[in-house]
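Report on one structure; see the data block that follows.
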Amino acid sequence: MRVLIADDQAMVREGFSVLLGAQPGIEVVGEAVDGEQAAVRAARLRPDVVLMDVRMPGTNGLEATRRIAAEREEGGRPRVLILTTFDLDEYVYEALRAGASGFLLKDASARQLADAVRIVAAGEALLAPTVTKRLLAEFTRLGAPRAPRMDRIRDLTERETEVLALIAQGLSNGEIAARLTVSEATVKTHVSRVLVKLGLRDRTQAAVFAYEIGLVTPGGGSV
């Protein structure tokens, strides 16, 4: 897995580079000091994952994430893993809306960081419990739609709609399989079809989508 590290602090970049470089199967292919450089180098180096700081001078991490997400090729790479010291609702929500596939605080351990990179590189979403809580809190603050906009998912089968709702509730493929009493391979197939039919990048965007159309409501489960 090829990783690009974007952070305006040299010590942070070097620290992450050393931590990840020591992990098997992970190669740090470049660094960036701001969002503009991150977007340019992501396009040139085509890493699997970009570790993106939020607060950087000039073009910040959120804007860089939007640019990278907009320029992704069909393979869906690179994916962005947001790193920040600021555990704030606005950053969680905006990072996910910008196209990030994950959100991790900088106090994460080396193992947590490496695991996060692998999860995101594999095309999965990294929605840690603390992040999920903040995402739900943000939707609660904004207010859910008055009525579910079910027209947005008319192409989904009943089972695919059910899977989408469970994704939005933060369940993994294994947990969804247990809930629906099907194999994990079957769940993966449903997830892939949901993403294709709705034109979504990954599970993270699927979760945001489900809340935005009112399929799932904060604290209330699926409709």
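Figures for the structure shown
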{"item": "Residue under evaluation M52, criteria (1) closer than 16 Å to V120 by Cβ; (2) open to solvent by 10 Å² or more (accessible area, probe 1.4 Å); (3) in contact with a strand residue (DSSP E or B) (Cβ under 6 Å, 6 or more places away or on another chain), criterion not met", "result": "(2)"}
{"item": "Residue under evaluation A69, criteria (1) modelled with pLDDT under 90; (2) touching a Lys or Arg at 6+ places or on another chain (Cβ under 8 Å); (3) open to solvent by 60 Å² or more (accessible area, probe 1.4 Å), criterion not met", "result": "(3)"}
{"item": "Residue list for region 147-165, filter: modelled with pLDDT under 60 and not small (G, A, S)", "result": "P148"}
{"item": "In region 178-203, residue least open to solvent (accessible area, probe 1.4 Å) [restricted to those that are within 27 Å of A69 (Cα to Cα) and assigned to a loop (DSSP other than H, G, I, E, B)]", "result": "D202"}
{"item": "Scope region 193-206; condition of a type outside the set (D, E, K, R) and at pLDDT below 80; matching residues", "result": "T204, Q205"}
{"item": "Answer residue from region 72-103, given it is small (G, A, S) and at pLDDT below 70 and is surrounded by the most Cβ atoms within 10 Å (Cβ to Cβ) among those", "result": "G76"}
{"item": "Residue that is of a type in the set (G, A, S), at pLDDT below 75 and more than 30 Å from V28 (Cβ to Cβ), where the choices are A144, A128, A168", "result": "A144"}
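The values are calculated or read from the model by the stated rules, or taken from the named source; none is laboratory data. The structure displayed is predicted, hence computed values, not measured ones. Because the Cβ atoms are built from the backbone with ideal geometry, glycine has one as well, and the counts that use them run over all protein chains shown. Accessible surface areas use protein heavy atoms only, side chains included; no ligands, DNA or RNA. Shrake-Rupley method; radii C 1.70, N 1.55, O 1.52, S 1.80 Å.
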